[in-house]
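None of the figures in this text is laboratory data; all of them are computed from the coordinates on show. Please read all numbers here as calculations on a predicted model, not as lab measurements. All Cβ positions, glycine included, derive from the backbone under ideal geometry; neighbour counts span all protein chains shown.
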Amino acid sequence: MRDNDVPIRASILRGLPTLITRFGGPGEEFLAAYGIGGPVVEQHDTYVSLRLVERVLEEAARRFDVPDLGLQMAAQQDLHILGPLAIAMENSRTIGEALECANRFLFVVSPALSHEVIPDPLDNPGVLAIRYASTTGTASPQSIDYGLGMVHRAVTLVQGGGSYGLRSVQLPHPRLAPEAAYREHFGAEVAFDAPHAVLRMPRQLLAVPVIGGNDLLRDIAVDFLETHFGHEDVPVSDLVTAILEGQLGPDRPNLAKVARLLSLHPRSLQRLLADEGIAFKELLGRAQREQARKLITTTNLSFSQIAVQVGLREQSSLTRATRRWFGMSPSRLRRAASDSSGMS
C-alpha cells in the first residue's frame, strides 16, 4: 500500500463534473470511470483514497486542457463540504480561533491533510503564514492548488467575504497556468518552486472577529467533532466503525490500513478491540450490513451497484449476505421498506 493511499472525503470533488462539462467534457462519465460517480460524491460521509483524487484532478486538468483546474475547483466550492468543521469555523469568535479549529479537526476531512499557522517564511515580524500540506509528502500540483485555494477561500468567507490583506502566496511546484490566473484567484503575488504551500498575511488578522458568529452553534459543532472524531475517551471500536462506514467499497480497508489511520500497530488494534469484546471482522460485517440496509431501503441503486459499494464481489454475494443479515432477499427488503414508508 502506498503512503498516500489514505482516505479523503469524496465530497471534495463536488463541482468537478460541472467544471468538466463547462470545458466540453463528459463530467459525470469522467468521474464514473474512476468508480466515483454522482451518488458517491454527493454523500458527505463517503471516503475515497487520496491517491485516486490526486489522479482524477491531474488527469482532468490534462485531458480537458484546464491548467488552473485546482484553483477553479476552490473558487466554486462550498465551504460546507467540510461538514461540522465549517460550522465550527463560521461561528468562531475570531479568525485565529477559526484557523485553530481547522488545524485541530482537518483530519475529519482526511488524515493526510495538514494546516497550521507558522512564522513568516520571509521573516517579516508583522506577517504570519498559513502552511497547507499533505502529510504523505506526495501531493500532486493540482491538489495543492485546490487545497491552498480552499484555505484562502475559507479565510475570505469567515471574515466576511472581502479582502483579508493577503500579502503573497508561495507554492512548492512550477507554475501550472498563466500567472494572471493565480493573481486573479488569490488577489496577490504568487511565487513558485517554494519550500512549502503558504499564504502570507498580516499578524493582526488572528484577532479580527468573525462576523455573525454564534457561540452556541460553535459549541455544538465542536462537541460533535470531539464526540465523533476525538481519540480521547472514545471506544476504539467506535473509531474503527466510523472509518469502516466511510470507506467500504471495492478497496475496502483491512486491519493494517485502519490501524495505520489510528497510529496503531495492527496487533495493538486487535488487542484493544479484544479488550472491548469485539473483533475487527465483526465490525467490518456490521458496517457492511448497515450500509447495505441503507442503500437497499433508501436509494434506487441497482443491487449490483450496491454490492460494489459495500465491498462485495458481485450481486449474488449481496443476495446471500442480505438473506443472512435480514432473513430476506434484497428485492424483498426494498419492497418491505417501500410498503412501510407508504403506510406511514
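Summary of computed values
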{"read-out": "Distance between the stretch 28-100 and the stretch 115-169 - C-alpha centres, whole angstrom", "value": "16"}
{"read-out": "Distance (nanometres) between label positions extended 7 Å along Cα→Cβ at SER338 and ASN103", "value": "5.3"}
{"read-out": "Positive-end extreme of charge dipole, the stretch 16-81 - chosen from MET73, VAL56, GLY27 (charges on Cβ)", "value": "VAL56"}
{"read-out": "Options [x] 120; [y] 134; [z] 162 - which one matches volume of the Cα convex hull per residue in Å³ as calculated here", "value": "[z]"}
{"read-out": "Between helix 266-275 and the chain: long-axis angle, C-alpha atoms, 0 to 90°, nearest 10", "value": "60"}
{"read-out": "Only Lys, Arg (+1) and Asp, Glu (-1) charged, at Cβ; the stretch 26-165 dipole about Cα centre in debye", "value": "180"}
{"read-out": "Net charge over other residues, Cβ less than 12 angstrom from the Cβ of ARG131 (K, R count +1; D, E count -1)", "value": "-1"}
{"read-out": "Placed amide H near SER168: partners under 5 Å, 5+ positions off or other chain", "value": "ARG200"}
{"read-out": "Ellipticity estimate at 222 nm from DSSP helix runs (n ≥ 4, -39,500 (n - 2.57)) divided over the chain, nearest 500", "value": "-15500 deg cm²/dmol"}
{"read-out": "Positive-end residue, the stretch 104-240 charge dipole about Cα centroid, Cβ charges, pick of VAL158, PRO111, GLN142", "value": "GLN142"}
{"read-out": "Exposure rule at most 16 other beta-carbon atoms within 10 Å, DSSP loop trypsin sites (Lys or Arg not before Pro): the chain longest free segment", "value": "176-312"}
{"read-out": "Length released on extending from GLN315 to ALA242, taking residue separation times 0.36 nm less the Cα-Cα span", "value": "23.8 nm"}
{"read-out": "With Cα atoms, 0 to 90° folded angle of helix 280-298 axis to the chain main axis", "value": "90"}
{"read-out": "Helix axis angle, 215-229 relative to the chain longest principal axis, alpha carbon, degrees", "value": "50"}
